[in-house]
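The values are calculated or read from the model by the stated rules, or taken from the named source; none is laboratory data. Fair warning: this is a prediction, and the values are worked out from it, not measured in the lab. Protein only, heavy atoms only, side chains kept; ligands, DNA and RNA dropped before computing areas. Shrake-Rupley method; radii C 1.70, N 1.55, O 1.52, S 1.80 Å.
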Amino acid sequence: ESGYVATSSNGTNWTKRTNLATSPDLTSVAYVSNAPAAFPDPGFWAVSYQGQAFYSSNGTAWSEASVPSNTNVFWTVTANNTSGLVAGDSEVYLATGPSAWRKQSDPLFTQASPVPAWPYYAAAWDSTNGVYRLGGDDGEL
């Protein structure tokens, strides 16, 4: 079902919590425990096949986040305690504030070098090394 969100305390019995208002096809959900400035509070973040991002503090009531995107697909979302990251088909956005999303494939917004324009399906914050990790098509890291 489009926009289907469910919870389970044991991984066996699931309870439907809500359908998002726009009924997007969700591709990833992550819990952000240390709310950076990009995210309002600790809570759940979801991204969709339609290039949308959503936030919920409780997993039931969801709000759409304003992420500027040229893609139709976001595959993954993650965060650390100072920034949030969403990634998808040839686009990666990093935010340090609610409306401060910066496209990481644009050299104007990156400090070192821009990320390649690849499809990214997985993202994680590596707290040991202090870096974001992205995984993409054909095993790219």
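A few notes on this one:
- Amide hydrogen neighbours beyond the local backbone of Gly3, cut-off 5 Å, H modeled: Asp25, Leu26
- Solvent-accessible area per residue in the range 75-134 equals 52 Å², computed with a 1.4 angstrom probe and all protein chains kept.
- When the surface is traced with a 1.4 Å probe over the full set of protein chains, Ser28 keeps roughly 30 Å² accessible.
- Accessible heavy-atom area order of Phe44, Phe74, highest first, probe of 1.4 Å: Phe44, Phe74
- Linear extension gain, Arg133 paired with Ser105, 0.36 nm per residue minus alpha-carbon span: 8.6 nm
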